[in-house]
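Read the structure below first, then the notes.
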Amino acid sequence: MTRPQRLVLVAGTATDIGKSWVGGEVLARLRARGVTVAARKPAQSADADDTGPSDAQVLAAATGEDPDVVCLPRRTYPVAMAPPMAAAALGLAAPTTAELLAELTWPDPAVQVGWMETVGGPRSPIAVDGDATSLATTLDPDVIVLVADAGLGTVNAVLVSVAAFAPAAVLVFLNRYDAGEDLHRRNLDWLRTREGLEVVVDLEALVDRVRP
């Protein structure tokens, strides 16, 4: 498998936290700077009645790739459950981590930044025997990005999620951060000063952090 020059693994503190939107924004900005990029999502699931773009479509629009390359059609499940649960609900064989990784391909020659998006939170199943933390252990990414909300419950969600990746370092991105919101500012300060975490709230700062 051709490995990107810089492999970024992305998880959220929960489902619907904005991982794909953040990924699309970061990848589009990297491309605008002349950085070669690619995105992969080993498996995805969503309600069949959802009329919005899939995660793979959002990421593909940013990288210029085919959505079916970002996430293989057979790993797209039209049920709003974790992928292995969705597969079982559809009467399909749920993927193993080894199968997902065996299917994983990156462009050759290697792109400068490869963005791998997982599902849900760090311990949300992406395979019958794996989640974002096990993918991180196996792939040893150059950067682990944790996308979190900025509001109520942020500190707990971030600390629990960061601990799941220990001892690996995690870069936290507070999505939807509003400097005009007192709670957002206090959450940011707490995570940075009391917990000693690396936290960014601006997309350009995130781009600078993950670029080669």
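Observations on the structure shown:
- Note on the chain: the alpha carbon radius of gyration divided by the globular reference 2.2 N^0.38 Å gives 0.98.
- The trypsin sites (Lys or Arg not before Pro) of the range 2-85 that meet both conditions, a loop assignment by DSSP and at most 15 other Cβ atoms within 10 Å of the site Cβ, are 33.
- Unit charges on C-beta of K, R, D, E only; dipole of the chain, Debye: 440 debye
- Farthest towards the positive end of the charge dipole of the range 6-210, among the residues 88, 53, 138, is the Cα of 138, using unit charges on the Cβ of Lys, Arg, Asp and Glu.
- Each peptide in 121-128, 51-58 receives the mean, over its residues, of other Cβ atoms within 10 Å, and ordering these scores from highest gives 121-128, 51-58.
- Gyration tensor (alpha-carbon) shape descriptor, the range 142-211, a/c threshold 1.5: oblate
- Percentage of interatomic Cα-Cα distances in the range 1-96 larger than 24 Å: 22 percent
- Rounded, prolate or oblate (a/c below 1.5 giving rounded, otherwise prolate when a/b exceeds b/c) for the range 59-111 by Cα gyration tensor: oblate
Throughout, read-outs are computed from the coordinates displayed, never taken from laboratory work. Here the structure is a predicted model, which means the values were calculated and not measured. So basically every Cβ, Gly included, is an ideal-geometry build from the backbone, and we count neighbours across all protein chains shown.
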